[in-house]
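The values are calculated or read from the model by the stated rules, or taken from the named source; none is laboratory data. Because the structure is predicted, anything quoted here is derived from the model rather than measured. So basically every Cβ, Gly included, is an ideal-geometry build from the backbone, and we count neighbours across all protein chains shown.
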Amino acid sequence: MKSYDVIIVGGGLAGLECGAILSKEGHSVCVLEKNDLLGGCFQTFPRYGRKLDTGIHYIGSLDEGQLMHQIWKYLGIIDKIQLQRLEPTGFDHIHLDSGIYKIGMGYENFMENMLQQFPKERATLQQYIATLQEVGNTSSVESLQRGTFSDGGMRYFYQSASAFIEETTDNKTLQRVLTGTAQLYGGVRDKSTLYSHAMVNNSYIQSSYRLVGGSMQVTDALARVIEENGGTVRTNCNVTRIKTDGTKVTGIEVNGEEHIEGKLYICTIHPQVAIPLIEDTPAIKKIYRRRIADMPNSYGVFTLYLLMKDGAYPYERYNHYVYGKRDTWYNEAGEKGCLITSQATSVEQKYADVITILITMPYDEVKQWEGTTVSHRGEEYLAYKERKTADILQFVASQGFDYADKVEHIVTSSPLTYRDYTGTAQGSAYGLAKDYHDPQRCFMPTRTRLENFYFAGQSINIHGALGVSLTSLLTCAEFLGEEYLAKKIGYA
Ligand SMILES: Cc1cc2nc3c(=O)[nH]c(=O)nc-3n(C[C@H](O)[C@H](O)[C@H](O)COP(=O)(O)OP(=O)(O)OC[C@H]3O[C@@H](n4cnc5c(N)ncnc54)[C@H](O)[C@@H]3O)c2cc1C
């Protein structure tokens, strides 16, 4: 039996980034992914000859000299993926009431657009930008070069995003515009942290890009880096048990039969799924297991993929956040609001292959089918999905997005689909929820009480390409040292 330096559970962005970093730094690694395809939320799956993305629609701070660019440059994948910069004069269009508010890329464009729409709010907007930059700069290329991943970012976890916006401006429309992309960070009015709001918005305002031709390019490129550095990436490897001797992990059971050993273990799957896999051990107390099991999750997403007829609908280099008259924060009452985004397979393309509509929803809406599996959920579930689809299409048509006669096929997924494919608890889009009232209660450290077992992935700190990447660095720094790794990336 082969033994590895590091075994990594989960082949999404977190698992593959950790694998790439550690294999580049000379460790023998083995990444274990339960699915046929790598990628998790970065997975691209084929339907009716089109490529559909599971959970990545655009990524921020990818201009040269910006944080994501620098991390992926160090990892050796930045020139292996097909990126398209979104429209600088408005990469996100926020549709409120009957107006469209365009978010400009780069702080100059951002300010120019906002002042056209809110001419009296100059001082307010300057203050808003200053805070976004202050929070964003806690993790930047400069901080990496100084040898740290985060210069005091944690304090912004204790501040409320909505209170910050409401203190910044009394203008209700501007408040709604500034929180128009709240869905991107699992935004909930009375819970979301200033950290999530500012990190995410700062990153996208700096620069916004789409992965043209499928988000899976990223995770495939990372897998190649691992293999080129002597590491192993295995698919169809469902981790079914994490074995311990009381103080440390001694091995991993795969598919209920195979035993694999390593010196260190990194687990990137949802903690509520991972903890029950750990054998009974005094190191992981019952109270801890219960605490993790009771932690609230972020909401789910219902995704509608409209596979467009050839030449039927223009490919747009911007996204739409559509709310009508409603609030922009998550709305438990089910009032509709959604993100609409276009997909293409090449940067030259004039027409969209796929239009994706994402609408947030509570898990409870599909809970009655939680005992079922993909393709075996029964007629009632199919009828529910059909109703929901018709409802969403009617809503977007009422807001000016009429796709009738332009669509060839419709593919849908619910939080149950995400639960079964990416293994996220309750199909939550972004893993464990964050709450500024008590950040420590929602906080999962990278270390555990098992001395050689660590966490990474979207439930630790914040989710998204940037959040997950920063956590991958933190976890790998446990073995490599923060200053060493930060400087290596910062000066790559
Ligand atoms: C609908 C949606 C839209 C999103 N849009 C964006 C966006 O536009 N931009 C952005 O930056 N972020 C976006 N995100 C968030 C982003 O995609 C995620 O935060 C990130 O990809 C999570 O990476 P991860 O590696 O932590 O988790 P995952 O991608 O969930 O990876 C976990 C992996 O572990 C595997 N696994 C689970 N259990 C086991 C097991 N027992 N054994 C072996 N393997 C296992 C899973 O199959 C999966 O491959 C979106 C997410 C969703 C759901």
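Observations, loosely collected:
- Among residues of the range 22-50 that are over 13 Å from Gly12 (Cα atoms), those with a beta-carbon under 6 Å from a residue that is in a strand (DSSP E or B) and within 12 Å of the ligand (Cβ to nearest atom) at least six positions away or on a different chain give the pairs Cys30/Ile7; Phe45/Leu52.
- Selection from the range 374-402 of residues that are among the hydroxyl-bearing types (Ser, Thr, Tyr) and either at pLDDT 95 or above or in a helix (DSSP H, G or I) (or both): Tyr381, Tyr384, Thr389, Ser398
- If you filter the range 149-194 down to residues that are more than 16 Å from the ligand (Cβ to nearest atom) and of a type in the set (Phe, Trp, Tyr), you find that the one that is surrounded by the fewest Cβ atoms within 10 Å (Cβ to Cβ) is Tyr158.
- Of all residues in the range 201-208, none satisfies being part of a loop (DSSP other than H, G, I, E, B) and at pLDDT below 95.
- For Gly431, the conditions (1) away from the ligand (no atom under 16 Å from the Cβ); (2) on the phi > 0 side of the Ramachandran plot; (3) at pLDDT 95 or above are fulfilled apart from (1).
- Taken over the range 404-421, the residue count meeting the criterion of being modelled with pLDDT under 95 and either within 16 Å of the ligand (Cβ to nearest atom) or in contact with a helix residue (DSSP H, G or I) (Cβ under 8 Å, 6 or more places away or on another chain) (or both) is 1.
- When residues of the range 294-321 are limited to those that are within 29 Å of Leu32 (Cβ to Cβ) and within 16 Å of the ligand (Cβ to nearest atom), the one surrounded by the fewest Cβ atoms within 10 Å (Cβ to Cβ): Met295
- Residue check for Leu75: near the ligand (Cβ under 8 Å from one of its atoms), crowded, with 22+ Cβ neighbours inside 10 Å and more than 18 Å from the chain's Cα centre (by Cα): no
- Subset of the range 275-287 that is part of a helix (DSSP H, G or I) and over 24 Å from Asn238 (Cβ atoms) - its residue that is farthest from the ligand (Cβ to nearest atom): Ile287
- Scanning the range 18-30 for residues that are small (Gly, Ala, Ser) and away from the ligand (no atom under 15 Å from the Cβ) yields a count of 3.
- Residue ID - nearest to the ligand (Cβ to nearest atom), chosen from residues in the range 434-479 that are surrounded by fewer than 18 Cβ atoms within 10 Å (Cβ to Cβ) and in a helix (DSSP H, G or I): Glu478
- Condition met for Thr54 (more than 15 Å from the ligand (Cβ to nearest atom) and in contact with a Gly (Cβ under 8 Å, 6 or more places away or on another chain)): no
- Of all residues in the range 238-272, those that are under 30 Å from Leu83 (Cβ atoms) and touching an Asp or Glu at 6+ places or on another chain (Cβ under 7 Å) total 0.
- Picking from residues in the range 257-274 that are within 11 Å of the ligand (Cβ to nearest atom) and assigned to a loop (DSSP other than H, G, I, E, B), the one that is surrounded by the most Cβ atoms within 10 Å (Cβ to Cβ) is Thr268.
- Residue count for the range 403-427, restricted to those that are charged (D, E, K, R) and part of a helix (DSSP H, G or I): 2
- Matching residues in the range 265-293 - criterion: being among the small types (Gly, Ala, Ser), in contact (Cβ under 8 Å) with a residue 40 or more places away in the chain and closer than 23 Å to Thr471 by Cα: Ala274
- Single match in Glu108, Glu64 (criterion: in a helix (DSSP H, G or I), of a type outside the set (Ser, Thr, Tyr) and either in contact with a His (Cβ under 7 Å, 6 or more places away or on another chain) or surrounded by fewer than 19 Cβ atoms within 10 Å (Cβ to Cβ) (or both)): Glu108
- Evaluating Gly10 against the criteria (1) at pLDDT below 95; (2) buried (at least 20 other Cβ atoms within 10 Å of the Cβ); (3) not acidic (Asp, Glu) leaves one unmet condition, (1).
- The residues of the range 31-49 include none that are within 12 Å of the ligand (Cβ to nearest atom), among the basic types (Lys, Arg) and part of a strand (DSSP E or B).
- When Ile8 is tested against the conditions (1) out of contact with any helix residue (DSSP H, G or I) (no Cβ under 6 Å at 6 or more places or on another chain); (2) of a type in the set (A, V, I, L, M); (3) not in a loop (DSSP other than H, G, I, E, B), the lone failure is (1).
- Contacts under 6 angstrom Cβ, first residue in the range 237-264 being farther than 18 Å from Gly19 by Cβ and at pLDDT below 95, partner part of a strand (DSSP E or B) and away from the ligand (no atom under 14 Å from the Cβ), 6 or more apart: Gly246/Thr281
Condition check ((1) touching a strand residue (DSSP E or B) at 6+ places or on another chain (Cβ under 9 Å); (2) exposed (fewer than 14 other Cβ atoms within 10 Å of the Cβ); (3) closer than 29 Å to Arg326 by Cα; (4) among the polar types (S, T, N, Q)) across all residues:
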residue: Val347; (1), (2), (3), (4): yes, no, no, no
residue: Lys350; (1), (2), (3), (4): yes, yes, no, no
residue: Lys367; (1), (2), (3), (4): no, yes, yes, no
residue: His376; (1), (2), (3), (4): no, yes, no, no
residue: Lys388; (1), (2), (3), (4): yes, no, yes, no
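- Scanning the range 347-358 for residues that are modelled with pLDDT of 95 or more and either more than 13 Å from the ligand (Cβ to nearest atom) or hydrophobic (A, V, I, L, M, F, W, C) (or both), we see that the one that is nearest to Asn331 (Cα to Cα) is Leu358.
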